[in-house]
Amino acid sequence: MTVDFRKIVNSSFWGTLIATLTVVVASKMGILSDLVYITGGRISHSFGFSYFSHLSFLVFYLFLNYLFLRGKSITYFEIIGLFAIDYLVYSTTTNRLSHYLGIFVLLMFVLAIKLNWIKFKSYFFKIFSLYSYSVGLLLSIYIANNYDPGEVIWRNLNHLLSNRLGFQKIAFALYQPQLFGNDIQMVGNYEIEILNRIVTENSFYLDSGFLYSWLGYGILFTILLIILYTSIFYKAYKNKDKAIYIWCMAIFFFSFINNTWVNITYNPLLFMLGGSLLASNVRYEKQ
């Protein structure tokens, strides 16, 4: 409660950056294996991590941490560099979610903070901060329960999302929402090429942060998360903290497809509750 949130973000940024670079360098030196995944004709590299999406997720959250720390003082040269890093990571890991959201975050940062064209003052942004996470959960549950592979629109959307909707439908058939959650057993993913040997596994996974929390962590924990994130989101709106508002938006969209909103090792946003909501003596710095 008495620690400046910027210090927490700074600690998370440097800890994550050093750890990530250590793994990538060890992979390039041959100390760690660079697993090669073949998914729908795309070749994805893990660079020492156990799955190809891990590096792209870490880089995405490093972006959020870095943009928050730099604020208005960030230069256009730095922003161009971040765009280049985003494309480089995408071209080698082929992870579309973090790539497109990375572009979205960078563009929002330029338009809202550097150019001050978007001010987040309107009633729409207030409503969005108050209800987006709740609606996101309800919408995710609705889509999972009403997904119909017999309809072309659903089928195309499922294909675009790498069969995630089909797996979400299966998840609700296998597990019922519980107050304290379920032990969700997930296996496999696509084809994995390791040392020129193809390993094909039967797959079932539940990537959506909203749905995994609802079924895995439980109703109580999910409601608590919604309250916490909504509190931070609305606080960012009231304090005109554009960097935090963009951060909350990014996690909201991210949580539809992947479960990273509870990973405080590289997404320390929940730690903001201490400084901004509970301890009045902590400096709250606007962007």
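In debye, nearest 20, what is the charge dipole magnitude of the chain about its Cα centre with +1 on Lys and Arg Cβ and -1 on Asp and Glu Cβ, if you could check? Working shown, then result.
Details: 21 positive and 13 negative charges, 248 e Å.
In total the dipole reaches around 1200 debye.
Between K121 and I264, take the C-beta separation as r, use R0 = 22 Å, and let me know the FRET efficiency to the nearest 0.05. Could you put the intermediate results ahead of the total?
On the way: r = 30 Å, r/R0 = 1.36.
It comes out at approximately 0.15.
Go ahead and run the numbers for FRET between S231 and R6, Cβ-Cβ distance against an R0 of 25 Å, rounding to 0.05. Could you put the intermediate results ahead of the total?
On the way: r = 19 Å, r/R0 = 0.75.
Efficiency, rounded to the nearest 0.05: 0.85.
Just subtract the alpha-carbon distance of F253 and W14 from 0.36 nm times their residue separation and send over the number in nm, one decimal. Numbers along the way, then the final one.
Numbers: separation 239, 0.36 × 239 = 86.04 nm, distance 2.49 nm.
In short, 83.6 nm is gained.
How much mean residue ellipticity at 222 nm does the chain get from its helices, if each DSSP H run of length 4 or more adds -39500 (n - 2.57) and you divide by all residues, to the nearest 500 deg cm²/dmol?
Working: 10 runs with 155 residues, N = 287.
Result for the chain, helices only: -18000 deg cm²/dmol.
Taking Cα atoms of the chain, Rg/Rh with Kirkwood Rh, to two decimals?
0.97
Could you state the number of Å between the C-alpha centres of the range 22-65 and the range 217-253?
Using only Cα atoms, the two centres lie 28 Å from each other.
With each label point set 7 Å from Cα along the Cα-Cβ vector, what nm distance links S50 and I153?
Once both label points are built, they end up 3.9 nm from each other.
Based on the Cβ-Cβ distance from L160 to V135, what FRET efficiency comes out when R0 is 30 Å, to the nearest 0.05? Intermediate values should be presented prior to the final figure.
Numbers: r = 21 Å, r/R0 = 0.71.
According to the calculation, E is roughly 0.90.
How far apart, in nanometres, would the label points at L88 and Q178 be if each is projected 7 angstrom from Cα along the Cα-to-Cβ direction?
4.5 nm
Strictly over 25 Å apart at the Cα level, which of K126/K169; K28/K114; K7/K126; K7/K28; K72/K121 would you flag in this model? Provide the component values of the computation, followed by the final result.
On the way: K126/K169 32 Å; K28/K114 36 Å; K7/K126 28 Å; K7/K28 32 Å; K72/K121 18 Å.
From the list (K126/K169; K28/K114; K7/K126; K7/K28; K72/K121), the Cα-Cα distance tops 25 Å for K126/K169; K28/K114; K7/K126; K7/K28.
Where in the range 90-119 are there trypsin sites (Lys or Arg not before Pro) that are in a DSSP coil and have at most 11 other Cβ atoms within 10 angstrom of their Cβ? Before the final figure, lay out each step's value.
Values: sites: R96, K114, K119; in loops: K119.
Sites meeting the loop and neighbour criteria: K119.
Give me the percent of the accessible area of the chain that comes from carbon and sulfur atoms, probe 1.4 Å, all protein chains in place.
Heavy-atom surface of the chain belonging to carbon and sulfur, 1.4 Å probe: 65 percent.
Through the Karplus equation 6.51 cos²θ - 1.76 cosθ + 1.60, θ set to phi - 60°, convert the phi angles of the range 117-133 into ³J(HN,Hα) values in whole Hz; use x for Gly and Pro.
7, 10, 10, 6, 9, 5, 4, 4, 5, 5, 4, 4, 5, 7, 10, 4, 5
Please list, by residue number, everything in the range 40-61 whose backbone N is under 17 Å from a paramagnetic label point 7 Å out along Cα→Cβ of I31.
Answer for the range 40-61: 47-50.
For the chain, what does the relative contact order come out to in percent, with C-alpha contacts under 8 Å and a separation of six or more? Before the final figure, lay out each step's value.
Details: 379 pairs, mean separation 68.0, N = 287.
Result for the chain is 24 percent.
The values are calculated or read from the model by the stated rules, or taken from the named source; none is laboratory data. Being a predicted model, the structure only gives us computed values, none of them experimental. Heads up, the Cβs are rebuilt from the backbone with ideal geometry, glycines too, and the neighbour counts pull from every protein chain shown. Side chains included, ligands, DNA and RNA excluded: accessible areas come from the protein's heavy atoms. Shrake-Rupley method; radii C 1.70, N 1.55, O 1.52, S 1.80 Å.
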